[in-house]
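Before any comments, here is the structure.
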Amino acid sequence: MAFSSSISPCYSSQFSSNLLTQETYLKGKGKKIATFNRTHQFSILQCSPFLNSKWERGELLKFGISAAVTSEEYLLDGAIENTHQLPKGDSWSVHKFGGTCVGNSERIRNVADEIIQDQSERKLVVVSAMSKVTDMMYDLIYKAQSRDESYLTAMDAVLEKHKLTAIDLLDGDELASFLSRIHHDINNLKAMLRAIYIAGHATESFTDFVAGHGELWSAQLLASVVRATGVECKWMDTREVLVVNPTSSNQVDPDYLKSGERLEKWYSKNPSMTIIATGFIASTPQDIPTTLKRDGSDFSAAIMAALFKACQVTIWTDVDGVYSADPRKVSEAVILKTLSYQEAWEMSYFGAHVLHPRTIVPVMQYDIPIIIKNIFNLAAPGTMICRSTDNEYEDGQRSVFPVKGFATIDKLALVNVEGTGMAGVPGTASDIFDAVKSVGANVIMISQASSEHSVCFAVPEKEVKVVADILESRFGQALSAGRLSQISIIPGCSILAAVGQRMAITPGVSATFFSALAKANINIRAIAQGCSEYNVTVVVKQEDCVRALRAVHSRFYLSRTTIAVGIIGPGLIGGTLLDQLKDQTALLKEKFNIDLRVMGITGMNSMLLSSSGIDLSKWKELLSQKGEKADLNKFVQHVSENYFIPNSVLVDCTANSHIASHYYDWLHRGIHVVTPNKKANSGPLDQYLKVRALQRQSYTHYFYEATVGAGLPIISTLRGLLETGDKILRIEGIFSGTLSYIFNNFTGTKAFSQVVKEAKVAGYTEPDPRDDLSGTDVARKVIILARESGLDLELSDIPVQSLVPEPLRVTASAEDFLLDLPKFDQELSKQRQEAEDEGEVLRYVGVVDVVNGKGAVELRRYNMEHPFAQLSGSDNIIAFTTERYCKQPLIVRGPGAGAEVTAGGIFSDILRLASYLGAPS
């Protein structure tokens, strides 16, 4: 199978020192001898016409250039038995690694590790050129035929890239052998490019020949690295095996019969359990090197899998799988676990670039599944593409998504041919599309009215002028006679397609699809739907495309990661939360695929609403300048009924009992609630039980971690213990950051009143310190934890030891209170001294005694070895004594006060909501 590329005879002598001839034979004794280039330069030669001497190959250069890529001389004697028959079937697995997977030496090592660790009995690995190398090779051709001498330095850059990679990966004979081969290849390519430079033109076969070298080098490199680990491995130049027939549409059709025959011959001489094969390249039936065209390595892998009848094809790439929509346009797009062959084909046709559109065809015949996996994230399960079972259950759960994915094609134009004379006239549509075909335009979508009054189709915008010109020329007479009324062009269009095999058996899919577009105020220009209902396709304005895509994706997927957020109370804590949201928005989108959109902010007097999301970098100015009169009902309706975002959460950053009284209604309406407001969970028991019952019965979430311990995981720790079957015996802790600070500093000769003043100046207390010293806030936290532990207690059931002297509880102002407080220092100083004499300290604690069904808030003494005695600053500490943690309590300790940590606790709940959506809390 000689690989020939025609070239003018006048240039042939330039290659005689660099390129090998097609083939040579020796007559005699019935044996045929084929000689191959030891540098693995091009492709294996097959015996063809007899020549008197193998040295006559130079004569063939008068007729053209050919390329030989193999390593040794073989005796092709018919008397030699073929002892290595190719085993086919499930023992083979096929892997394909894209250019980014082998982009540098480190990544090539990772790929080699993955090959070695694969437990398959036999492995065929299809590899692309190193990242950007194919583009570099095409650029060489472009520069050479443009007579730009910089192709020489560009060629050197290609050499240097591979040379440095080889030096980093290989040593000894493997390195020397590879460097020898690539230097030989580069010299031959330079000679060929010189001819192209002189001629100012490159044939398609020359272009394909040059472009395919990246795969040759990467396959050889990877095979050498695998061999260096001690694994026996052969590399395959797939031009020796794959035979394809070029078509008129810049595609190729595999010849499976001939390819299968050549594979058998190749394997008989190169038996191996591990084969590294080149992707992208193949041969024509005339043995001329060609390619499978752009992104053809996926196609190569699928063809080889069909030839080997492999158990599966794993396509390794740099994304976690096939997304439900382009994640660059829809941040809430999710990885699809499975796709049918038909769904994957439709998705790839409509612009999902994870797969070559023709990759599906070869594997369908043998039901070979394709798995898309991320080489850079091995933990990701990826996407499996296989034959549909028509089962409405996926992973044991009912599939709720009749639409698997959405895709778009931009930069299109609509061509509309209409007229009453078209109706009932046979062949009109045929004439239209024959005209379009004659100019080589690509028709993306066709829509025809049943009345046959009009035919509408979409073509790439760059082709629309030539299409319009040919139609007006071909149908000029019909236009003049009035049989056609017009040929109109609508530029600036995009196609939006919904793809899903279950659409055909799910009523109302189209209605839901069009309803979502209508609510998003999207105007549809054209519609197409096949009777198989694998896709519903619409044409919209390109400027509306992203908005349309987000609207339909949200409508079908009920996105778990896009949330409309309403902030109630933009004070110290709420404002800090907004600043944190501003700082983390980009990271959340990039790293966690979470899109939090603050759709409204409301205070007591004014509110700010947005239909697309408030710019958090200037929310204060916007609230001040564009805020409207606060209306809680209008605010809630705006946040919860946005058609773009199906999930909404109200974040109550107030301490207002009136706001807390609305929680039940919001949850009942399907609005999630996140809050640090303690009033709901520590208020009347019947209201608390009513809210919690609703939460457990519905899929609406209510998170309140920050009600106890600010940002510390107190509620979640308690729930985790209970949900895993532990039994709570006792909860004891220092729950107030203010009181923690005060008693941590109430030492030595300092008076209690002095420490309280210092705490107020430092900003640790409320404006009126009595709010902290009364113990009411601690009592609310105790009652919350008691109820979470299963105790039905009211706030009035908790005895509270107030630190505010009784005569000062009705003092007119905070300033007066601080002036009078020193009069009452003696009692606490005495208690401190008594504790110190016993080697103990005073701590203000809350206690939940679950065993006895009661709680308390009081001043207690602890020895110096106790964890409560070792606090500093304003830290909180909580000890959980349970059946599991009986001898030594489970301790949670950390900052329990301050706007930053409290806002952080709220933020954490919002993120928890994003991950929990879809399951009851």
For residue 299: the one exception among (1) touching a Phe, Trp or Tyr at 6+ places or on another chain (Cβ under 6 Å); (2) buried (at least 22 other Cβ atoms within 10 Å of the Cβ); (3) not acidic (Asp, Glu): (1)
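Would you pick out the residues in segment 373-388 that are within 16 Å of residue 126 (Cβ to Cβ) and in contact with a helix residue (DSSP H, G or I) (Cβ under 9 Å, 6 or more places away or on another chain)? First the steps, then the outcome.
Step one: filter segment 373-388 for residues within 16 Å of residue 126 (Cβ to Cβ), giving 373, 375.
Of everything in segment 373-388, just one residue is within 16 Å of residue 126 (Cβ to Cβ) and in contact with a helix residue (DSSP H, G or I) (Cβ under 9 Å, 6 or more places away or on another chain), namely 375.
Quick one: is residue 324 in contact with a strand residue (DSSP E or B) (Cβ under 6 Å, 6 or more places away or on another chain), touching a residue at least 40 places away in the same chain (Cβ under 8 Å), surrounded by 22 or more Cβ atoms within 10 Å (Cβ to Cβ) and of a type in the set (S, T, N, Q)?
Working: in contact with a strand residue (DSSP E or B) (Cβ under 6 Å, 6 or more places away or on another chain): yes; touching a residue at least 40 places away in the same chain (Cβ under 8 Å): yes; surrounded by 22 or more Cβ atoms within 10 Å (Cβ to Cβ): yes; of a type in the set (S, T, N, Q): yes.
In short, yes.
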Applying the selection to segment 669-693, what residues are at pLDDT below 95, open to solvent by less than 20 Å² (accessible area, probe 1.4 Å) and farther than 17 Å from residue 785 by Cβ? 671, 672
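Looking at 133, 127, which is the one that is closer than 26 Å to residue 263 by Cα and open to solvent by less than 10 Å² (accessible area, probe 1.4 Å)?
127
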Considering only segment 851-921, give the strands (runs of 3 or more DSSP E) lying wholly within it that have at least 3 residues that are out of contact with any Lys or Arg (no Cβ under 8 Å at 6 or more places or on another chain) and open to solvent by less than 40 Å² (accessible area, probe 1.4 Å). 854-863
Does residue 905 count as out of contact with any strand residue (DSSP E or B) (no Cβ under 8 Å at 6 or more places or on another chain), under 30 Å from residue 697 (Cβ atoms), at pLDDT 95 or above and not aliphatic (A, V, I, L, M)? no
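Can you name every residue in segment 747-765 that is among the basic types (Lys, Arg) and either free of Cβ contacts under 8 Å to residues at least 40 places away in the same chain or open to solvent by less than 60 Å² (accessible area, probe 1.4 Å) (or both)? If you could, list the steps in order and put the result at the bottom.
Pass one, segment 747-765, residues among the basic types (Lys, Arg): 750, 757, 760.
Result: 750, single match.
Of all residues in segment 219-247 being among the polar types (S, T, N, Q) and under 15 Å from residue 300 (Cα atoms), which is surrounded by the fewest Cβ atoms within 10 Å (Cβ to Cβ)? If you could, list the steps in order and put the result at the bottom.
Residues of segment 219-247 among the polar types (S, T, N, Q): 220, 224, 229, 238, 245, 247.
From what is left, the residues that are under 15 Å from residue 300 (Cα atoms) are 238, 245.
On the way: 238: 27, 245: 13.
Across segment 219-247, the extreme among qualifying residues is 245.
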Does residue 606 meet the test of being farther than 24 Å from residue 711 by Cα and modelled with pLDDT under 90? no
Can you report the number of residues in segment 718-742 which are surrounded by 17 or more Cβ atoms within 10 Å (Cβ to Cβ) and touching a strand residue (DSSP E or B) at 6+ places or on another chain (Cβ under 9 Å)? 16
Segment 509-537 - residue that is small (Gly, Ala, Ser), modelled with pLDDT of 75 or more and open to solvent by less than 40 Å² (accessible area, probe 1.4 Å) and, of those, nearest to residue 332 (Cα to Cα): 516
Mind checking which residues of segment 322-351 are within 18 Å of residue 386 (Cβ to Cβ), in contact with a helix residue (DSSP H, G or I) (Cβ under 8 Å, 6 or more places away or on another chain) and not in a helix (DSSP H, G or I)? 322, 324, 339, 340
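Yes/no matrix, rows are residues, columns are (1) out of contact with any Leu (no Cβ under 8 Å at 6 or more places or on another chain); (2) among the hydrophobic types (A, V, I, L, M, F, W, C); (3) part of a helix (DSSP H, G or I); (4) open to solvent by less than 30 Å² (accessible area, probe 1.4 Å):
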{"site": "777", "(1), (2), (3), (4)": "yes, no, yes, no"}
{"site": "781", "(1), (2), (3), (4)": "yes, no, yes, yes"}
{"site": "784", "(1), (2), (3), (4)": "yes, yes, yes, yes"}
{"site": "792", "(1), (2), (3), (4)": "no, no, no, no"}
{"site": "796", "(1), (2), (3), (4)": "yes, no, yes, no"}
{"site": "804", "(1), (2), (3), (4)": "no, yes, no, yes"}
{"site": "818", "(1), (2), (3), (4)": "yes, yes, yes, yes"}
{"site": "827", "(1), (2), (3), (4)": "yes, no, yes, no"}
{"site": "830", "(1), (2), (3), (4)": "yes, no, yes, no"}
Which of (1) open to solvent by less than 40 Å² (accessible area, probe 1.4 Å); (2) modelled with pLDDT of 90 or more; (3) out of contact with any Cys (no Cβ under 6 Å at 6 or more places or on another chain) does residue 265 not meet, given it meets every other one? (1)
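Quick check on segment 538-578: of everything there that is assigned to a helix (DSSP H, G or I) and open to solvent by 60 Å² or more (accessible area, probe 1.4 Å), which residue is nearest to residue 461 (Cα to Cα)?
Filtering segment 538-578 for residues that are assigned to a helix (DSSP H, G or I) and open to solvent by 60 Å² or more (accessible area, probe 1.4 Å), the one nearest to residue 461 (Cα to Cα) comes out as 542.
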Please identify the pairs in which a residue from segment 666-688 that is free of Cβ contacts under 8 Å to residues at least 60 places away in the same chain has its Cβ atom under 6 Å from the Cβ atom of a residue that is part of a loop (DSSP other than H, G, I, E, B) and open to solvent by less than 30 Å² (accessible area, probe 1.4 Å), counting only partners at least 6 apart or on another chain. 667/700; 670/700
Given the condition over 16 Å from residue 742 (Cα atoms) and either at pLDDT 95 or above or over 36 Å from the mean Cα position of the chain (by Cα) (or both), answer yes or no: does some residue in segment 910-919 qualify? no
Going through segment 143-173 one residue at a time, which ones are surrounded by 15 or more Cβ atoms within 10 Å (Cβ to Cβ), of a type outside the set (Gly, Ala, Ser) and in a helix (DSSP H, G or I)? 143, 145, 151, 152, 155, 158, 159, 161, 162, 163, 165, 169
Could you list, in sequence order, all residues of segment 467-487 that are at pLDDT below 90 and open to solvent by less than 50 Å² (accessible area, probe 1.4 Å)? 475, 476, 478, 482, 484, 487
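The values are calculated or read from the model by the stated rules, or taken from the named source; none is laboratory data. Bear in mind the structure is a predicted one, so any value in this text is a computation, not a measurement. Neighbour counts run over all protein chains shown; Cβ positions are idealised from the backbone, glycine included. Side chains are part of the model used for accessible areas, which takes the heavy atoms of the whole protein and leaves out ligands, DNA and RNA. Shrake-Rupley method; radii C 1.70, N 1.55, O 1.52, S 1.80 Å.
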